[in-house]
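Beneath this line is the structure, given in structure tokens, with notes to follow.
The values are calculated or read from the model by the stated rules, or taken from the named source; none is laboratory data. Treat the numbers as computed from the prediction; the structure is a model and nothing was measured. For neighbour counting, all protein chains shown are included, and Cβ atoms are generated from backbone atoms with ideal geometry for every residue, glycine included.
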Amino acid sequence: MKIFIVLLITSYSIGFAFDGKVIEPGQKPNDRRLGKPVTLHDYHPFRPVASAAEWDQRKSEIRTRVKVASGILPELDKTPMNPVVSERAEKDGFAIQKVYFESIPGHYVTGTLYSPAGDSVAIGEKSGKRPVVLCPHGHWRDGRFYRAAESAALGQIAQGGERFLNAAYNPIVARCVQLARMGCLVLQYDMLGNADSLQLEEHRRGPREITNGQEAGKWGFVSPQSVLRLQTNFGLQTWNSVRALDFMLELPGADPERVLVTGASGGATQTMILAAVDDRVDASFPCVMASTAMQGGCTCENSYYLRIGQGNMDIAAVLAPKPLGLTAADDWTRELQTKGHPDLVNLYRMLKAPKKYDAHFDIHFKHNYNHVSRTHMYQFVNTHFGLGLKRPVLERDYAYLSPEELTVWVDDKMPDNYSKGIEHERDLNRIWAEDGQRKVAGAFRDKEFDDFRKGWEVIIDRDLSELSEVSFELLKKEKYTGFIALGGVIRNPDAGQELPALFYYPDDWNGIVKLMPTASGKSGLFVGKPESPTDEVKGALDDGVAIVGVDLFKQSEFLDPGEPSANDSVTYSGKPDLEPDSWQRSPVYFYGYNHSVFVNRVHDLLTTIKMIQTSPDWEVKGIEMKGEGPFAALIHAANLFSNGAVKQVEADLKGFTFESLNDSFDQHFVPGAVRFGDVAMLAKLSDLAGK
């Protein structure tokens, strides 16, 4: 920066015409963000911390990010669940009851409640305190109704993965039976589109024209309007889990101090997510999922912002120092013992709770929650919940439970408000959106903006104070009547940013620097060539104000000729030739791991502000910003996280709102922007930040 100032003051010509471009022809900025987007298949290491105090802060950040990704910050209103629980059916050492309740009005969570034999948990009765276990089932088709082929079940027994044929037929039910026999209250509930949860007929959701409406009640999951509100099947399943825990803790005899969640594969994802969003969970045992490799392929395991700056190892660890158990198999978790596990060992040691973390590496078995893995879990429960059972705790056989014994919809009798298909999906999104509208209105009414600021903190994911040294390299310079035009690159090496920039410096500078992002980058400051600044820029220069323009990410010199500024459309498999409505085209596969163009541009503005603010020789008296339309929203976002560095903001939205966008990959599109109050909330928070 010193070199820049010396050149600025002592020299007036480098001896060539300046056309506004600063990068060599055929080249692009040396910017890390021009590489391939991050995907769920990349390496996602645990982010260690140095102290228990730092872990408390880190844990809070992980929890907040997961809540944002789930669409439950601010938390949804907890409406009456209206639970229906059948009579007990006594079995050998356990009992089952059919259960359904509403997690959202008209949306039913269905499942089976398992309890110890002879101990009634019918609503209204009293009993002793018993551990509570939630069992999300994962991607074993139809979960509670799953039945492996006999040949596959016998193969499991032959390989040593199972002891009994009935458990091999349905290992999901097997763990519930055994946990009930151990004295626990257990709820095994259906994932969307499985077993009795048929209101959404498909488990995975893809973009569909029929659900892309912009009016309330006209859009469904994966539509642009749902993305703007963070409404996903991932979030719905998470909310189902939260309400399932509500249901269980209302049962007489349920012990709120001993709550376990356990599942495998996609059920392990849901296990980790519930433990992250709900601090009532006391122990977690996610099987064959947590790793530094593949993060979960289904749309129900991915959501916007979920794994930016964190991965499954971080999410699993959020429970620390509470008890956590993991298993690995011959799948994407096969390297857990050397990648991820050592980090958690160190974390629990640092937190002085080394015996509360447990991991097992039975990688001679394929992807599973087999008897070997379940036995690890039973010892974990026995130890951490103080059951006092003789070790080892082993399963014994039970009579296979058929779908007819387990289904909650006897004779196809559904509640009066039961709906399914597109109608139900649209209703769900409408109710969710209305809840969000009430939260936004309440925030403005009560002047309580904390949750909304937290939401934007997760979205923007940067603060001026986090930026280290930023430099400027002068590459081109020309003296004109009344001002100097200087071109060069602003570099933020820690963030891997390199921004082509144009500075207009008036002959009689008053100490004010105005940053003016435009739709065409720095070229929006002039007409034709830098020697002809726009009337607005010329007027500011005449008033003694220095003007700064930059090519923000995916503007001008970042692009090849004809290349759009849109966000990248990344698919789960990386294949571009998928059907338009394929679930693999869900935006969760890009925005769950990568910042949007809008957010990257906010980062660029913060980098530019940092460069101006920290110049050792440039005596800046004030920084201002001006923007119009989407760029007005952009400068509000930058101002919000500039820590008061900006003296004045001129923002003319010209009617722009995020809600008006109906293309999930538009350059101005921001997932969650409407959930967190759209531009009105962003402007309000920006205004409060400047005071």
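Some notes on this structure:
- Total residues in segment 474-502, condition without any contact (Cβ under 8 Å) to a residue 60 or more places away in the chain and within 17 Å of P29 (Cβ to Cβ): 3
- Of the residues making up segment 638-691, those that are in a loop (DSSP other than H, G, I, E, B), touching a residue at least 60 places away in the same chain (Cβ under 8 Å) and under 19 Å from R229 (Cβ atoms) number 16.
- When restricted to residues that are in a loop (DSSP other than H, G, I, E, B), more than 14 Å from F483 (Cα to Cα), free of Cβ contacts under 8 Å to residues at least 60 places away in the same chain and not hydrophobic (A, V, I, L, M, F, W, C), segment 526-559 contains 2.
- Boolean, A148 is farther than 20 Å from D255 by Cα, in contact with a helix residue (DSSP H, G or I) (Cβ under 7 Å, 6 or more places away or on another chain), at pLDDT 95 or above and outside any loop (DSSP other than H, G, I, E, B): no
- Condition met for E650 (assigned by TED's automatic domain parsing to the domain that holds Q497, out of contact with any Leu (no Cβ under 8 Å at 6 or more places or on another chain), acidic (D, E) and modelled with pLDDT of 95 or more): yes
- Of all residue pairs spaced 6 or more apart or on separate chains, those with beta-carbon atoms under 8 Å, a first member in segment 19-44 that is over 18 Å from N600 (Cβ atoms) and a second member that is outside any loop (DSSP other than H, G, I, E, B) and of a type in the set (A, V, I, L, M, F, W, C) are G20/L502; G20/F526; V22/L475; V22/V489; V22/A501; V22/L502; H44/M313.
- Any hit, segment 415-434, residues being modelled with pLDDT of 95 or more and within 27 Å of N643 (Cβ to Cβ): no
- Scanning segment 506-517 for residues that are buried (at least 20 other Cβ atoms within 10 Å of the Cβ) and either over 14 Å from M611 (Cβ atoms) or modelled with pLDDT under 95 (or both) yields K514, M516, P517.
- Residue in segment 161-171 that is buried (at least 21 other Cβ atoms within 10 Å of the Cβ), hydrophobic (A, V, I, L, M, F, W, C) and either farther than 26 Å from E102 by Cα or assigned by TED's automatic domain parsing to the domain that holds F380 (or both) present: yes
- Members of segment 658-690 found to be among the acidic types (D, E) and either in contact with a strand residue (DSSP E or B) (Cβ under 7 Å, 6 or more places away or on another chain) or over 24 Å from Q648 (Cα atoms) (or both), listed by number: E659, D663, D666
- Test: residue in segment 647-664 that is over 26 Å from the mean Cα position of the chain (by Cα), of a type in the set (V, I, T) and surrounded by 24 or more Cβ atoms within 10 Å (Cβ to Cβ): no
- Residue check, R130 buried (at least 21 other Cβ atoms within 10 Å of the Cβ) and not hydrophobic (A, V, I, L, M, F, W, C): yes
- Yes/no for G388 being surrounded by fewer than 20 Cβ atoms within 10 Å (Cβ to Cβ) and either at pLDDT 95 or above or part of a helix (DSSP H, G or I) (or both): no
- Among the conditions (1) in a strand (DSSP E or B); (2) within 30 Å of E563 (Cβ to Cβ), E624 misses just one, which is (2).
- Per the listing V372, V288, the residue uniquely outside the structural domain of A495 (by TED's automatic domain parsing), touching a His at 6+ places or on another chain (Cβ under 6 Å) and of a type in the set (V, I, T) is V288.
Let's see how each residue does on (1) in contact with a Leu (Cβ under 9 Å, 6 or more places away or on another chain); (2) over 22 Å from L515 (Cα atoms); (3) polar (S, T, N, Q); (4) at pLDDT 95 or above:
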site	(1), (2), (3), (4)
K654	no, no, no, yes
D663	no, yes, no, yes
A673	yes, yes, no, yes
V679	yes, no, no, yes
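- The set of residues in segment 572-614 that are farther than 30 Å from F631 by Cβ, part of a helix (DSSP H, G or I) and of a type in the set (S, T, N, Q) contains only Q584.
Yes/no matrix, rows are residues, columns are (1) surrounded by fewer than 22 Cβ atoms within 10 Å (Cβ to Cβ); (2) assigned to a strand (DSSP E or B); (3) touching a strand residue (DSSP E or B) at 6+ places or on another chain (Cβ under 7 Å):
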site: G442; (1), (2), (3): yes, no, no
site: W456; (1), (2), (3): no, no, no
site: A485; (1), (2), (3): no, yes, yes
site: L499; (1), (2), (3): no, yes, yes
site: G524; (1), (2), (3): yes, no, yes
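Quick grid of which residues meet (1) over 30 Å from R585 (Cβ atoms); (2) buried (at least 24 other Cβ atoms within 10 Å of the Cβ); (3) free of Cβ contacts under 8 Å to residues at least 40 places away in the same chain; (4) of a type in the set (V, I, T):
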site: T299; (1), (2), (3), (4): no, yes, no, yes
site: G309; (1), (2), (3), (4): no, no, no, no
site: N312; (1), (2), (3), (4): no, yes, no, no
site: A329; (1), (2), (3), (4): no, yes, no, no
site: L344; (1), (2), (3), (4): yes, no, no, no
site: L347; (1), (2), (3), (4): yes, no, no, no
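- Only one entry of I635, I623 meets the criterion of being closer than 26 Å to S664 by Cβ and touching a residue at least 24 places away in the same chain (Cβ under 8 Å), and that entry is I635.
- Hits in segment 284-297 (condition: of a type in the set (A, V, I, L, M, F, W, C), touching a residue at least 60 places away in the same chain (Cβ under 8 Å) and either at positive phi or buried (at least 24 other Cβ atoms within 10 Å of the Cβ) (or both)): F285, C287, V288
- Number of residues in segment 343-362 that are over 22 Å from M377 (Cβ atoms) and of a type in the set (K, R) equals 2.
- Count of segment 458-474 residues, restricted to those that are under 29 Å from the mean Cα position of the chain (by Cα), hydrophobic (A, V, I, L, M, F, W, C) and either modelled with pLDDT of 95 or more or not in a loop (DSSP other than H, G, I, E, B) (or both), is 4.
- The set of residues in segment 595-639 that are of a type in the set (D, E) and either closer than 15 Å to L464 by Cβ or out of contact with any helix residue (DSSP H, G or I) (no Cβ under 7 Å at 6 or more places or on another chain) (or both) comprises D604, E619, E624, E628.
- Residue that is nearest to E202 (Cα to Cα), among those in segment 378-432 that are touching a strand residue (DSSP E or B) at 6+ places or on another chain (Cβ under 6 Å) and of a type in the set (F, W, Y): F380
- Index of the failed condition, I431 passing every other in (1) of a type in the set (A, V, I, L, M); (2) part of a helix (DSSP H, G or I); (3) closer than 30 Å to I612 by Cβ: (3)
- On the stretch given as segment 411-428, residues that are touching a residue at least 60 places away in the same chain (Cβ under 8 Å) and assigned to a helix (DSSP H, G or I) total 7.
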